[in-house]
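Handing you this structure, nothing more for now.
Read-outs: derived from the displayed coordinates by stated rules, not from any lab. None of these values were measured; they are calculated from a predicted model. Cβ atoms come from the backbone with ideal geometry, glycine included; neighbour counts cover every protein chain shown.
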């Protein structure tokens with residue numbers, strides 16, 4: 001793989017890296033396909049209904065990973081994503097309990113704005129305080145989780161019927177879950193315009209080399225705040241997806257912060273920033289969920305499956321590290 | 001601190017000298033903050049003055065495990081790393097000790113448990129030192145593996161029964177002469193050893209060097225993989241010791257006993273002035289940071305704050321101290 005990179009014209013030095021990056025993502029989708037095939041093999045009755053429940057269960061972690069990915073690409077990290085999702089989830093559930101079916105449209109818009117604002121608060125605190133991202137967002141994870149408990153002291157609230165239908169059932173054919181369609185549409189609507197915009201380029205620039213970005217006239221502070229705001233928007237959508245799949249609000253953060261980090265790392269987003277996209281993390285989220293599912297089908301108890309998942313994660317990042325090392329030496 | 005340039009102090013204006021003091025001796029302002037928190041606590045709950053020792057011991061019993069776990073974060077953060085597996089290692093160590101004690105005897109149970117803790121640390125070290133995996137993700141994953149393994153183990157030994165060895169309970173929650181918490185007899189030598197390791201030994205200097213500039217450290221002949229492997233083994237061992245002390249304080253060992261200590265352990269190191277980017281910090285500040293967090297929790301408890309507000313204030317104070325610290329020590 002290093003040979004074509006060397007042979008590439010000098011005018012496009014990034015092409016070797018692009019190939020390698022896409023190789024990783026292509027490899028992930030092949031792995032996902034293999035896992036799906038394996039699932040059908042070990043559970044012959046695996047059908048549309050199972051695919052549907054898989055898609056619904058993966059929805060929150062996909063959005064958590066997408067939120068984390070945008071922030072990590074810009075050189076940050078947000079350890080408050082899980083808390084943000086809990087907060088937006090309870091706000092949505094508490095408001096929908098009173099809004100009625102039509103008013104729920106307003107609630108959704110409100111929660112999206114709220115998520116964006118809360119994410120922007122994280123970003124502003126990071127930029128203004130000059131405290132490392134990981135510390136700021138760690139502290140804010142307590143704040144958002146506390147706020148979630150203030151909104152709803154115990155699990156409760158509700159969700160509008162049309163809203164839950166967005167993730168329930170299938171679309172056109174029985175093999176295509178609506179939750180999957182919702183996911184793809186939402187991510188495409190946010191990510192594709194972003195990736196092609198000036199801001200999208202700035203995110204990668206700031207994440208890969210701050211100094212170079214600054215010297216090229218990229219406003220570092222504003223770009224970082226924007227990354228956190230978009231991350232907050234996606235975390236808000238993640239919170240809404242929790243409402244969609246459960247119908248209630250849960251004021252306790254789920255395992256989405258670290259789960260999201262695991263998915264993006266497996267998905268080829270470098271924690272050092274500036275590299276990766278959304279295609280990889282989405283596949284990674286499905287892969288991690290499928291591994292858990294297959295272990296259940298194989299009769300492995302959930303404790304062992306935790307061990308195996310951890311081992312898979314370690315092996316994958318170690319292989320990734322080796323690939324990286326060899327490429328640097330080549 | 002050991003790398004601080006000397007000899008330019010006299011030309012600096014007063015404000016810069018204050019900054020330099022704060023940067024090099026973060027313990028001083030932190031002790032001030034601790035004193036303020038204690039003063040507030042005393043005004044809110046004057047009853048403490050009737051039994052000051054009992055109150056202080058209560059703080060110490062749970063501040064010591066936190067400070068030991070925060071030592072793991074301090075050491076790893078000096079090299080630009082972090083250890084998110086400490087809580088799992090701590091709980092696992094305590095649990096293995098408590099379940100092995102009835103059949104193996106106390107000393108053997110403690111050794112088996114600590115060997116396991118060091119083993120998880122070794123895996124961390126190999127992944128981070130040799131395979132160059134991000135410490136955040138490596139320790140996160142090994143934490144998952146260890147937790148799953150411990151759960152499997154729990155099912156296997158369910159019938160064997162468990163007990164916290166008597167010496168551990170005495171160490172964790174007893175007092176000598178009715179006034180001195182026994183944990184201090186373990187913690188003070190341990191803390192001194194860590195500080196001497198960091199300030200007076202070649203290995204300590206290597207940790208700062210690796211965190212400050214890994215390339216320069218490598219060119220200067222530091223064998224980074226070996227340094228990191230030893231570091232994470234040490235961190236695993238310390239986490240195990242912290243878990244045992246915690247089990248002694250709580251007089252019971254469960255598989256999620258130390259979960260609540262993970263984020264505070266990072267926070268204690270950060271509040272104590274250790275940079276998460278590596279190369280700057282020390283253990284003295286971390287100890288004060290751990291004390292501040294415990295007193296803060298006590299204060300919020302004494303004020304009967306509802307849990308949500310407690311979390312919000314807790315987070316806001318961590319952020320506030322870290323931000324104030326960044327402001328004061330910033331050269332720009």
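Compute the FRET efficiency between residue B:197 and residue A:165 as 1/(1 + (r/R0)^6), taking r as their Cβ-Cβ distance and R0 = 41 Å, and round to the nearest 0.05.
Using R0 = 41 Å, I get an efficiency of 0.10.
When a footprinting reagent is the concern and you count Cβ atoms within 10 Å, what order do B:83, A:209 take, fewest first?
Values: B:83 33, A:209 15.
Placing the least packed residue first, the sequence is A:209, B:83.
Per residue Cα convex hull volume for chain B, in cubic angstrom?
Each residue corresponds to 154 Å³ of Cα convex hull volume.
Could you work out the relative contact order of segment A:47-299? I mean the mean sequence separation of Cα pairs under 8 Å and 6+ apart, divided by the number of residues, in percent.
On the way: 492 pairs, mean separation 103.5, N = 253.
In percent, rounded to a whole number, it is 41.
Obtain the nm distance between the two label points defined at residue A:319 and residue A:102 by a simple spin-label model: each point lies 7 Å from its Cα along the Cα-to-C-beta direction.
According to this spin-label approximation, the distance is 5.5 nm.
If the elastic network links every pair of Cα atoms under 10 Å, which of B:91, B:275, B:15 fluctuates the most in the Gaussian network model of chain B?
Its mean-square fluctuation being the largest, the pick is B:15.
Moving to a separate point now. For an R0 of 45 angstrom, estimate the FRET efficiency from the Cβ-Cβ distance between residue B:223 and residue A:110 and round to the nearest 0.05.
Working: r = 56 Å, r/R0 = 1.25.
According to the calculation, E is roughly 0.20.
How many nm separate the modelled label positions at residue A:192 and residue A:215, each set 7 Å beyond the Cα in the direction of the Cβ?
The modelled label-to-label distance comes out at 3.7 nm.
Can you bin segment B:77-121 into rounded, prolate or oblate? Criterion: square roots of the alpha carbon gyration tensor eigenvalues sorted a ≥ b ≥ c, rounded for a/c under 1.5, prolate for a/b above b/c, oblate for the rest.
On the way: a/c = 4.32, a/b = 2.69, b/c = 1.60.
Here segment B:77-121 falls in the prolate category.
Could you work out [θ]222 nm for chain A from helices alone, using -39500 (n - 2.57) per DSSP H run of at least four and dividing by all its residues? Round to the nearest 500 deg cm²/dmol.
That comes out to -26500 deg cm²/dmol.
Over all directions, what mean area does the Cα convex hull of the protein assembly as shown project, stated in square nanometres?
Hull-based average projected area comes out at 33.0 nm².
Taking just the C-alpha trace of segment A:47-299, give me its Rg and Dmax in Å.
That works out to 17.7, 57 Å for Rg and Dmax.
Here is a further query. Only Cα pairs within less than 10 Å get springs; with that Gaussian network setup on chain B, which residue of B:238, B:228, B:186 has the largest fluctuation?
Evaluated over chain B, the most mobile residue of the options is B:186.
Can you tell me the length gained on complete extension of the stretch residue B:157 to residue B:53, counting 0.36 nm per residue apart and subtracting the Cα distance?
33.5 nm
Another one. In what order do A:228, B:95, B:153 fall by count of nearby beta-carbon atoms within 10 Å, going from fewest to most?
The fewest-first ordering by Cβ neighbours comes to B:153, B:95, A:228.
Let me ask something else about it. Report the paramagnetic label zone for residue B:17: residues of segment B:293-332 whose backbone N is under 19 Å from a point 7 Å from Cα along the Cα-to-Cβ axis.
The answer is B:328-331, whose backbone nitrogens lie closer than 19 Å to the label point.
Ranking B:251, A:43, B:155 by Cβ neighbours within 10 Å, fewest first, what do you get?
In increasing order of surrounding Cβ atoms, one gets B:155, B:251, A:43.
Per residue of chain B, what 222 nm ellipticity follows from adding -39500 (n - 2.57) for every DSSP H run with n ≥ 4, rounded to the nearest 500? Working shown, then result.
Details: 14 runs with 244 residues, N = 332.
Helices in chain B give a 222 nm mean residue ellipticity of -24500 deg cm²/dmol.
Label points 7 Å out from Cα along the Cβ direction at residue B:104 and residue A:300: separation in nm?
In this crude spin-label approximation the distance works out to 2.6 nm.
Taking the alpha-carbon centroid of each part, what is the distance from segment B:287-331 to segment B:110-153 in angstrom?
Cα centroid to Cα centroid, the span is 30 Å.
Report the residue, chosen from A:253, A:177, A:155, that carries the largest GNM mean-square fluctuation when chain A is represented by alpha-carbon nodes joined by springs under 10 Å.
Looking only at A:253, A:177, A:155, the biggest GNM fluctuation is shown by A:155.
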